[in-house]
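Worksheet for the structure shown next.
The values are calculated or read from the model by the stated rules, or taken from the named source; none is laboratory data. For clarity, every value in this text was computed on a predicted model and none was experimentally measured. When we count neighbours, we look across all protein chains shown, and the Cβ atoms used for this are built from the backbone with ideal geometry, even at glycine. Surface areas here come from the heavy atoms of the whole protein model, side chains and all, with no ligands, DNA or RNA. Shrake-Rupley method; radii C 1.70, N 1.55, O 1.52, S 1.80 Å.
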Amino acid sequence: MLADLDLLLIAVFCAADDLLPKARNNAKRMVTDAEVVTLCVAQAIMGSTTDPRFLAVARKRLGHLFPVLPDRAGFYKRREALADTIEALIAQFAAHSPGADDDVLLVDSTPVECARSRETVKRGGASSLADALSDAADYGFCASHSRFFYGFRLHTLCAIDGTPRAMALTSPKVDEKDVCLALVARCRRQPGQFLTLIGDKNFRGKQFEADLAALDAAIIRPRRADEKRRATTPHTTASTPTLRPASQLTPHPRPTDNHEPHLAPIRQRIESIYWTAKDILTLERHGARTLHGLRTRIVCRFLALTAAIALNHQLGLPSRSLAQYIA
């Protein structure tokens, strides 16, 4: 079976139609909630950042799947109302992905900008919207790009194949270690499963490691420049964990002071996941003006990613190969 956009949208529609309760008869409503959710995934995977542009393109490219399309205002309102359903579908598709039961997870965060100029920030502070982004957004620093930004931080706990296991959107002022503990606490796992997290140098501290141990988890991270090199036993050498498909991963040994692996190849995975979300799924060009709108647009993009991962697994394709869906 060839993978294409039609196949992905059909899979999303079937999952959404099974999850949503049967709607009451409404003669004025020509488009079902399952179709609206499917259109949200289509908008994310097609990279259309504005609703009018997407609906215009959808009439030509998706007319054979959607004989009737909602108008701009109706699409916006129903998408906002279906945010909880879209988030629940992420968990449903993740459960059918090979990374659903992985015990080796990647933890990191990425900026979600909401403004680029000081004038935009000031105008946002004078907004009359009930839940304007400026009510919660703040300034933060992105070490990867060595620049400050205004907005939020998206924290994720992902399997190596890219399957999202837990996510949180916070102020950039919040300590990412505290967010990591919260993500681990609500991450779905098998009873008694021990999680091994792979993070960057900022996930450090004896208290943080003790709190992780209390949650049956541990962190493996690169050594900071001001830390002493961890000693290795004469019969143990540092090695790179094998990057096999998530379905073939064996339980990872708990990290000890005698084991200091080279993490750069695996750390690159999380950067690649974020790049997929930003480049193909336009995470940075969300266009949201309210907190609820930002949340809705983020979960739409990650639903598209999770659905593509699950479908690629069933078709035997690389987990985050999205080229066939956007061609």
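Once backbone amide H atoms are built at 1.01 Å from N, ALA136 has no partners under 5 Å, excluding neighbours fewer than 5 places away on the same chain. How far is the Cα center of the stretch 273-292 from the Cα center of the stretch 89-122, in Å? Taking the Cα centre of the stretch 89-122 as reference, the centre of the stretch 273-292 is 9 Å away. The mean sequence separation of alpha-carbon pairs under 8 Å and at least six residues apart, normalised by the residue count of the stretch 34-145, gives a relative contact order of 19 percent. Calculated from the alpha-carbon coordinates, the stretch 52-133 shows an Rg and a Dmax of 18.8, 46 Å respectively. When DSSP assigns beta bridges and you keep just the ones with both residues in the chain, what percent turn out antiparallel, to the nearest 5? So the antiparallel bridges in the chain amount to around 75 percent. Accessible surface computed residue by residue for the stretch 12-73, with neighbouring protein chains in place and a 1.4 Å probe, gives 59 Å² per residue. Rounded to the nearest Hz, the phi-derived 3J(HN,Hα) couplings of the stretch 41-48 under the Karplus curve 6.51 cos²θ - 1.76 cosθ + 1.60 (θ = phi - 60°) are 5, 4, 4, 5, 6, 8, x, 8, where x marks glycine and proline. Taking θ as phi - 60° and the Karplus parameters 6.51, -1.76 and 1.60, the scalar couplings of the stretch 131-137 work out to 10, 4, 4, 5, 6, 10, 5 Hz in sequence order, x denoting glycine and proline.
Taking a Cβ cut-off of under 14 Å around ALA288, the surrounding Lys, Arg, Asp and Glu residues balance to a net charge of 0, with basic ones at +1 and acidic ones at -1. Within the shell of other residues whose beta carbon sits under 14 angstrom from the beta carbon of PHE75, the net charge comes to +3, with Lys and Arg scored +1 and Asp and Glu -1. Close amide-amide hydrogen proximity is noted between ARG165 and LEU157, CYS158, ALA159, each under 5 Å apart and 5 or more residues distant or on a separate chain (H modeled in the peptide plane; Pro and chain starts excluded). For the stretch 1-67, the calculated P(r) over all alpha carbon pairs, in 10 Å bins from 0 to the bin holding the longest distance, is 19, 51, 28, 3 percent.
Rolling a 1.4 Å probe over the heavy atoms of the protein chains gives the stretch 78-211 an accessible area of 45 Å² per residue. Using C-alpha pairs under 8 Å with a sequence gap of at least 6, the mean separation divided by the residue count of the stretch 88-207 gives a relative contact order of 32 percent. Classify the stretch 1-139 as rounded, prolate or oblate, taking a ≥ b ≥ c as the square roots of the eigenvalues of its Cα gyration tensor: rounded when a/c is under 1.5, otherwise prolate if a/b is larger than b/c and oblate if not. Taking the square roots of the gyration eigenvalues as a ≥ b ≥ c, the stretch 1-139 is oblate. With angles folded into 0 to 90 degrees, how steeply does helix 176-185 sit against the dominant principal axis of the chain? Use alpha carbons for both and round to 10. On a 0 to 90 degree scale, this one is about 80.
With all protein chains in place and a 1.4 Å probe, the accessible surface of the chain carries 52 percent carbon and sulfur. Cross-linked pairs LYS60/LYS278; LYS122/LYS173; LYS206/LYS228; LYS177/LYS201: Cα-Cα separations exceed 23 Å for LYS60/LYS278.
Computed from backbone phi, the HN-Hα couplings of the stretch 99-106 come to x, 5, 10, 5, 9, 10, 10, 9 Hz, rounded to whole numbers (Karplus: 6.51 cos²θ - 1.76 cosθ + 1.60, θ = phi - 60°; Gly and Pro given as x).
Near ASP108: Cβ cut-off under 9 Å, other residues only, Lys/Arg at +1 and Asp/Glu at -1. The net charge is -2. Legend: calculated FRET efficiency, THR290 to GLN190, from the Cβ-Cβ distance at R0 = 30 Å, rounded to 0.05, equals 0.20.
For the stretch 176-216 versus the stretch 26-56, the spacing of their alpha-carbon centroids is 37 Å. Amide H to amide H, with H built 1.01 Å from N, ALA115 comes under 5 Å of TYR150, counting only residues 5 or more places away or on other chains. The long axis of helix 5-19 is offset from the longest Cα principal axis of the chain by roughly 90 degrees.
From helices alone, the chain scores -13000 deg cm²/dmol at 222 nm; the rule is -39500 (n - 2.57) for each run of n ≥ 4 DSSP H residues, then divide by the residue total. Can you tell me the FRET efficiency between ASP175 and ALA323 if r is taken as the Cβ-Cβ distance and R0 is 45 Å, rounded to the nearest 0.05? FRET efficiency, ASP175 to ALA323: 0.75.
The angle between the Cα long axis of helix 51-61 and the longest principal axis of the Cα atoms of the chain comes to about 80 degrees, rounded to the nearest 10.
Normalised Debye scattering of the chain at q = 0.12 Å⁻¹ gives log10 I(q)/I(0) of -0.88, counting only Cα atoms as equal scatterers and leaving out solvent.
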